[in-house]
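Student: Quick one: the structure is below, and I'll ask about it shortly.
Bear in mind these aren't lab numbers, they're just calculated from the coordinates by the rules spelled out. All of these numbers come straight from a predicted model, not from anything done at the bench. Positions of Cβ are generated from backbone atoms using ideal geometry, with glycine treated the same way; all protein chains shown enter the neighbour counts.
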Amino acid sequence: AGSLNTFEIKVTGAINTYNVATYFISFIFLAFSLVIVLKILNTKSLFKGIDKYLGFKTRFSAEREIKELISAETPFSVIFLEYRDFSAYNLSYGYEKGEKVVKMLAEKIASALKDFGDKSDSAYTYGEDKFAIISYMGVDNIIKNIIEEIKTYVPVMCEDDGKNYYSLNICAGVVSNRMCKIKNIGEIMQIAGDLIRETKLKHGDVYLIS
C-alpha cells in the first residue's frame, strides 16, 4: 500500500508539472501571437486612415489620389523624400529621438506646403521617415524650404552631451507627368525608387526630378 501511495504521488506530481509546463508554453504562444497581430495591425495602418502622431494621411490615401489623377490626366508631381541615414541615426541616438526627428520633418513639410504650396497640395506618410507630397504647382521652393529648415533644426536634435554630432540629410525624388505620360502608379513608384537610390549615392542634401 505504501508503494502504491508513493507511486500515486509521483504520478500526480508528474501530471502537475506537465500541466504547468503546458500552461506556460500556451501562454508564451499566445503572447507571441499577440505581438504578431499587433505588428500586422500597425503595418495595415500605413495603408489607410490618418497617422495621428504625424497628422498626415497614409499611403493608402496617397496612392488612391495618384491613381485618380492619372486616370483624369491631371498635371501633378509627387515628391518622395526621406532622411539619408535615418537607420544609422536610430542606432546612434535611439528610437525616441528617431521619432522626434521624423515628427520634426513632418512639421517642416506641413510648414513648407503652407508657405510655398498650392492649397490643393497634400502630404502623406509612407512609414518611418518616408513621406510623399502631391503637388499641383512647382516643387522647387517646397523642397528647398524643407532642406533649409532641416539644416537649421537637425543639429539641435543630433547633439549628444555636446560631444557627438550626427547629420541627417534630405534625399528627395520628384516624379511628374508634366513632361511625359505616366501610365500607372507602379511606374511612378519605380521611377521614385530609382531616384531615391541615386540621391543616396551623392553627398549632402539632394533632390532629383524625373
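Student: To the nearest 20 debye, what is the magnitude of the charge dipole of segment 84-161 about its Cα centre, counting +1 on the Cβ of each Lys and Arg and -1 on the Cβ of each Asp and Glu?
Tutor: 220
Student: Loop-only check: which trypsin sites (Lys or Arg not before Pro) in segment 87-195 are DSSP coil with at most 15 other Cβ within 10 angstrom?
Tutor: Loop-located and lightly packed - Lys119, Lys163, Arg178, Lys181, Lys183.
Student: Could you list which residues have their amide H under 5 Å from that of Ile209, counting only those 5 or more apart in sequence or on another chain, with H placed in the peptide plane?
Tutor: Val174
Student: Using modelled backbone amide H atoms (1.01 Å from N, in-plane), which distant-in-sequence or interchain residues come within less than 5 Å of Asn177's amide H?
Tutor: Phe76
Student: Turning to a different aspect of this structure: Per residue of segment 141-155, what does 6.51 cos²θ - 1.76 cosθ + 1.60 with θ = phi - 60° give for ³J(HN,Hα)? Whole Hz please, x for Gly and Pro, Karplus curve as stated.
Tutor: Listing the rounded values in order: 5, 4, 5, 4, 5, 4, 4, 5, 5, 5, 4, 6, 9, 4, x Hz.
Student: Looking at this model, which pairs from Lys103/Lys200; Lys67/Lys144; Lys119/Lys183; Lys100/Lys181; Lys57/Lys151; Lys100/Lys144 are more than 30 angstrom apart at the alpha-carbon?
Tutor: Distance filter (> 30 Å) returns Lys100/Lys181.
Student: Which residues in segment 110-143 place their backbone N less than 20 Å from a point set 7 Å from the Cα of Cys180 along the Cα-to-Cβ direction?
Tutor: Zone members listed by number: 135, 139-140.
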